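Participant: Below is a structure I'd like to ask you about.
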Amino acid sequence: MGADDWWKKGTIYQVYPLSFQDTNGDGRGDLAGIRSRLDYLVWLGVDAIWLSPIYPSPMADFGYDVSDYWNISPKFGTLGDFDALVAEAHAKGLRVILDYVPNHTSDQHPWFRASRASRDDAKRDWYIWRDAAADGGPPNNWLSNFGGSAWTFDSATEQYYYHAFLPAQPDLNWRNPKVREAMYDVLRFWLDRGVDGFRVDVLWHLMKDAELRDNPPNPGYQPGDPSIRRLLQVYSCDRPEIFEVIAEMRRVVDAYPDRILIGELYLPLERLVAYYGTAGTGVHLPFNFHLIQAPWNVREIAGMIAEYERLVPPGEWPNWVLGNHDQPRIASRVGVRQARIAAMLLLTLRGTPTLYYGDELGMVDLPMRPEKVRDGWAKNEPGLGVGRDPQRTPMQWSAAPNAGFTSGDPWLPVQPTYASVNVDALSRDERSILTLYRRLIQLRRTHSALALGAKRLVESPQAVLAYERTHGTSRILVALDFEGAPKSVPLPGGRGTVLLSTHLDREGESVEGAVGLRADEGVIVALAT
Ligand code: NOJ
Ligand code: CA
């Protein structure tokens with residue numbers, strides 16, 4: 001693994017295909033739409049796009065219920081459209097990362113249809129079937145992440161099947177070598193078509209306890225929490241056997257040059273870093289969601305960053321994620337002013353940044369009226385605030401009707417702010433958050449200290465996070481105000497020049513002794529050497 005690996009220096013941008021750009025007026029985004037917006041992504045400066053699932057799917061979980069791994073959903077286009085998208089992206093210097101959903105299929109997948117048809121079917125053991133407990137109830141106490149038992153009784157063959165998510169998403173049995181072979185063939189199919197890597201859905205779920213032991217109660221559960229939190233997922237996830245599977249996946253991917261595996265992993269830091277594996281047997285990047293999860297204050301964020309840096313194994317590369325289609329948007333979590341601080345943090349930390357479409361516009365969550373709710377989790381557990389529709393609303397391109405997303409009826413409502421919060425308007429505004437994102441990505445590209453440099457925390461006043469990035473003779477200071485009050489931050493080395501402020505009005509300013517911060521301001525300063 002060399003310093004020139006593209007995915008170390010690169011910025012990853014998550015496209016949620018349903019909400020990016022519609023071209024045929026059916027109100028849902030499609031591949032032709034993504035293709036038509038590649039120039040925007042090039043302009044923004046990102047290096048890779050990760051597409052949430054685009055395979056045929058009944059859409060019970062909006063694509064995370066795959067009914068055919070070897071095709072493109074007609075709702076999104078055709079294999080021809082996909083090939084054209086990859087070719088054009090590559091020609092423009094963009095990599096394409098696909099979502100790979102190995103833990104479960106749709107209940108409409110031919111494998112599951114066969115599996116549920118009879119206990120003797122050759123595919124029966126491709127899923128996890130068990131007899132009822134003595135009382136006729138589910139085989140163990142495991143819970144679905146989307147509410148209720150994780151077991152559904154199938155009266156045709158009188159057994160329960162396991163599903164960590166919706167009943168329409170039965171879990172595959174990864175202990176079966178035939179399942180593994182079939183699923184590795186899926187990887188090869190898309191690698192052969194030229195994709196640059198995969199984001200692996202719920203990677204820590206793949207292997208379950210061989211004895212399916214009951215999960216213990218979670219002492220931290222509070223009424224009003226999603227029901228999955230009632231139990232600690234000790235036996236249903238993050239089992240030691242998973243590492244053998246990941247090593248096999250890694251070998252498949254490593255047979256192709258320059259490809260990457262990213263794991264979706266919601267785990268504490270010390271467990272997360274285990275997924276780097278040893279000596280190139282894990283994923284290249286175990287997605288680090290701790291910027292999303294940590295409380296937004298300097299003490300927590302600085303402590304978490306230091307802990308993570310300490311835990312990433314030597315020779316492995318860190319990464320940071322600020323948002324995705326499952327999490328409230330950053331501008332809603334921390335407010336629009338601190339969202340600029342968050343952007344500067346994401347794009348100046350040591351490690352690959354991943355950003356979520358629309359966050360570069362400062363898009364916020366759109367609360368859904370009950371009749372607009374689409375997310376199955378929200379429908380199963382209403383009133384708990386678990387719905388994910390608010391962060392999946394259409395991308396805002398312009399002030400045209402439906403923000404230029406569709407000429408039809410959008411599958412989720414467009415945010416009412418779109419008349420001013422859109423790519424067209426914000427790209428012309430020198431002080432907009434979009435301009436800030438673009439400048440940050442450019443700086444990361446032009447300053448190796450930001451992309452690849454070492455990082456150390458620097459003494460700073462309370463509520464300021466300050467760190468230095470160094471590479472060769474280049475030294476860069478980043479200072480971020482987290483509390484909305486002016487500050488003065490001493491400059492290590494004495495003198496420097498402001499490269500960028502979150503307020504976008506200080507470029508080129510010389511600073512000596514200290515750099516002042518206004519409320520909610522972050523600065524990047526090139527230090528004199
Ligand atoms: C994680 C995905 O990001 C989420 O959207 C999905 O619902 C679950 N995995 C189940 O596939
Ligand atoms: Ca469409």
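Bear in mind that the values in this text are calculations on the coordinates, not laboratory data. Worth saying up front: this structure is predicted, and the values here are computed from it rather than measured. Don't worry about glycine lacking a Cβ; one is built from the backbone with ideal geometry, like all the others, and counts go over all protein chains shown.
Participant: Calculate, in nm to one decimal, what LYS372 and ALA255 gain on full extension: separation in residues at 0.36 nm each, minus their alpha carbon distance.
Facilitator: Result: 37.6 nm gained on full extension.
Participant: What are the ³J(HN,Hα) values, in whole Hz, obtained from phi via the Karplus relation 6.51 cos²θ - 1.76 cosθ + 1.60 with θ = phi - 60°, for each residue of the stretch 82-96 in sequence order, with x given for Gly and Pro?
Facilitator: 5, 4, 5, 5, 5, 4, 5, 4, 4, 4, 8, x, 9, 8, 10
Participant: What is the distance in Å between the Cα centroid of the stretch 363-416 and that of the stretch 64-111?
Facilitator: If we compute the Cα centre of each part, the gap is 23 Å.
Participant: Under the rule of at least 5 residues apart or a separate chain, name every residue whose amide H is placed under 5 Å from the amide H of ARG388.
Facilitator: The list, which skips near neighbours in sequence, is ASP375, ALA378.
Participant: What distance in nm lies between label points placed 7 Å from Cα along the C-beta direction at GLU483 and ALA279?
Facilitator: With each label point 7 Å from Cα toward Cβ, the separation is 5.0 nm.
Participant: Can you work out ³J(HN,Hα) from phi for every residue in the stretch 217-222, in order, using Karplus 6.51 cos²θ - 1.76 cosθ + 1.60 and θ = phi - 60°, giving whole Hz and x for Gly and Pro?
Facilitator: Karplus-based 3J(HN,Hα) across the stretch 217-222 equals x, 9, x, x, 5, 10 Hz.
Participant: Same structure again: Could you tell me how far the Cα centroid of the stretch 225-304 sits from the Cα centroid of the stretch 310-358, in Å?
Facilitator: Answer, in whole Å: 16.
Participant: Right, next: Could you compute the FRET efficiency for THR473 and ALA306, with r as their C-beta to C-beta distance and R0 at 22 Å, rounded to 0.05? Can you show the working numbers first?
Facilitator: Working: r = 25 Å, r/R0 = 1.16.
Using R0 = 22 Å, I get an efficiency of 0.30.
Participant: Give me, ordered by chain and number, the residues 5 or more places off ASP154 or on other chains with an amide H under 5 Å from its own placed amide H.
Facilitator: Result for ASP154 returns GLN159, TYR160, TYR161.
Participant: List the residues, sorted by chain then number, that are 5 or more residues from LYS75 or on another chain and whose placed amide H is less than 5 Å from its amide H.
Facilitator: For LYS75, no residues qualify.
Participant: Separate question: Which value, in debye to the nearest 20, describes the size of the charge dipole of the chain about its Cα centre when Lys and Arg Cβ atoms bear +1, Asp and Glu Cβ atoms bear -1, and nothing else is charged? Can you show the working numbers first?
Facilitator: Values: 56 positive and 66 negative charges, 198 e Å.
For the chain, the charge dipole is close to 960 debye.
Participant: For a protection proxy built on the mean count of beta-carbon atoms within 10 angstrom, sort 335-341, 310-316 highest first, please. If you can, show how the numbers build up before the last one.
Facilitator: Values: 335-341: 20.1, 310-316: 13.0.
Packing proxy ranking, top to bottom: 335-341, 310-316.
Participant: Order the peptides 351-360, 273-282 from the highest to the lowest mean number of other Cβ atoms within 10 Å of their residues.
Facilitator: On the way: 351-360: 24.4, 273-282: 17.7.
Ranked by mean Cβ neighbours within 10 Å, highest first: 351-360, 273-282.
Participant: Just want to confirm a number: the relative contact order over the chain, from Cα pairs under 8 angstrom separated by 6+ residues, in percent. Write down the numbers at each step before the final one.
Facilitator: Numbers: 1127 pairs, mean separation 65.7, N = 529.
With pairs under 8 Å counted, the relative contact order is 12 percent.
Participant: Plugging the Kirkwood radius over Cα pairs into Stokes-Einstein for the stretch 323-469, at a temperature of 10 °C and a viscosity of 1.306 mPa s, what D comes out in µm²/s? The partial results should precede the final answer.
Facilitator: Working: Rh = 17.0 Å.
Estimated via Stokes-Einstein, D reaches 94 µm²/s.
Participant: Report, to the nearest 10°, how far helix 336-346 tilts away from the longest principal axis of the Cα atoms in the chain, using its own Cα long axis and a range of 0 to 90°.
Facilitator: The angle comes out at about 80 degrees.
Participant: Further question: Treat every Asp and Glu Cβ in the stretch 66-129 as -1 and every Lys and Arg Cβ as +1, leave all other atoms uncharged, and give the resulting dipole magnitude about the Cα centre to the nearest 20 debye.
Facilitator: 140
Participant: Right, next: HN-Hα J couplings of the stretch 403-412 from phi, Karplus 6.51/-1.76/1.60, θ = phi - 60°, integer Hz, Gly and Pro as x?
Facilitator: With the stated coefficients, the stretch 403-412 comes to 6, x, 7, 8, 8, x, 9, x, 5, 10 Hz.
Participant: Is the shape of the chain best called rounded, prolate or oblate, per the rule: a/c under 1.5 gives rounded, else a/b larger than b/c gives prolate, else oblate, with a ≥ b ≥ c the square roots of the Cα gyration tensor eigenvalues? Before the final figure, lay out each step's value.
Facilitator: On the way: a/c = 1.73, a/b = 1.55, b/c = 1.12.
Prolate shape, in that a/c is at least 1.5 and a/b is the bigger ratio.
Participant: What nm value, rounded to one decimal, do you get for the distance between TYR221 and ASP429 when each label is placed 7 Å out toward the C-beta?
Facilitator: 4.5
Participant: Add -39500 (n - 2.57) for each DSSP H run of 4 or more in the chain, then divide by its residues: what number comes out at 222 nm, to the nearest 500 deg cm²/dmol?
Facilitator: Here the helix-only value at 222 nm equals -7000 deg cm²/dmol.
Participant: Can you give the charge dipole size of the stretch 29-75 about its Cα centre, rounded to the nearest 20 debye, using +1 on the beta carbon of Lys and Arg and -1 on the beta carbon of Asp and Glu?
Facilitator: So the magnitude is around 140 debye.
Participant: Let me ask something else. Hey, can you rank 159-167, 425-433 by average C-beta count inside 10 Å, highest first?
Facilitator: Per-residue mean Cβ counts within 10 Å order the peptides as 159-167, 425-433.
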